[in-house]
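Just below is one structure, and these are the notes that go with it.
The values are calculated or read from the model by the stated rules, or taken from the named source; none is laboratory data. Just so you know, these numbers come straight off a predicted model, no measurement behind them. Positions of Cβ are backbone-derived with ideal geometry, glycine not excepted, and every protein chain shown enters the neighbour counts.
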């Protein structure tokens, strides 16, 4: 089966098997920020944007991406680096395995919600699991990142 999609702003064509997961297709196309974690759609490591909406690529068949716009961390590098600096400043990057999915969701949240309260942030990010930080540093980084424009 042949599909076409816009991947990080560029046309991408691929020949896939009907059961190919979007996660596996993206990794085969060099998007290594997309990671396999739980394989049950519960950890958020595989988060990408499909037409601007956070999507768990481990639970979407690659065929569903046909004709759609897919964005991975590689496609939002500058924004990701800006937020990553806030994570590092708070000591919240630890091993970094969960960071790509978390960053994709934080950037999506910033686009979607205007001045979210901490409860809204926690709810929005509830599907992002981290096994080593304890979340306190991440939450401080997110709050500082979202407030950076107010303080400038």
Item to complete: Scan segment 42-72 residue by residue and report those that are in contact (Cβ under 8 Å) with a residue 24 or more places away in the chain, surrounded by fewer than 23 Cβ atoms within 10 Å (Cβ to Cβ) and on the phi > 0 side of the Ramachandran plot.
Response: 52, 67
Item to complete: Residue by residue through segment 7-37, note down the ones that are part of a loop (DSSP other than H, G, I, E, B) and either at positive phi or surrounded by 13 or more Cβ atoms within 10 Å (Cβ to Cβ) (or both).
Response: 8, 9, 16, 20, 29, 30, 31, 33, 34, 35, 36, 37
Practice prompt. Read through the list (1) free of Cβ contacts under 8 Å to residues at least 12 places away in the same chain; (2) under 16 Å from residue 44 (Cβ atoms); (3) part of a helix (DSSP H, G or I), then give the number of the only condition that residue 126 fails.
Written response: (3)
Item to complete: Could you list all residues from segment 96-123 that are touching a residue at least 12 places away in the same chain (Cβ under 8 Å), within 18 Å of residue 53 (Cα to Cα) and outside any helix (DSSP H, G or I)?
Response: 116
Discussion item. Quick check on residue 98: is it closer than 29 Å to residue 3 by Cβ, in the same structural domain as residue 6 (by TED's automatic domain parsing) and modelled with pLDDT under 95?
Written reply: no
Discussion item. Of all residues being in a helix (DSSP H, G or I) and farther than 24 Å from residue 135 by Cβ in segment 38-77, which is farthest from the chain's Cα centre (by Cα)? Just the residue, please.
Written reply: 63
Item to complete: Identify, from the list 70, 142, 103, the residue that is touching a helix residue (DSSP H, G or I) at 6+ places or on another chain (Cβ under 8 Å) and farther than 30 Å from residue 3 by Cβ.
Response: 142
Worksheet item: So which of 85, 80, 92, 141 is more than 30 Å from residue 14 (Cα to Cα), assigned to a helix (DSSP H, G or I), out of contact with any strand residue (DSSP E or B) (no Cβ under 9 Å at 6 or more places or on another chain) and in contact (Cβ under 8 Å) with a residue 12 or more places away in the chain?
Response: 141
Worksheet, complete the sentence: Of the listed residues (7, 25, 11), the one being touching a strand residue (DSSP E or B) at 6+ places or on another chain (Cβ under 7 Å), farther than 19 Å from residue 97 by Cα and touching a residue at least 60 places away in the same chain (Cβ under 8 Å) is 7
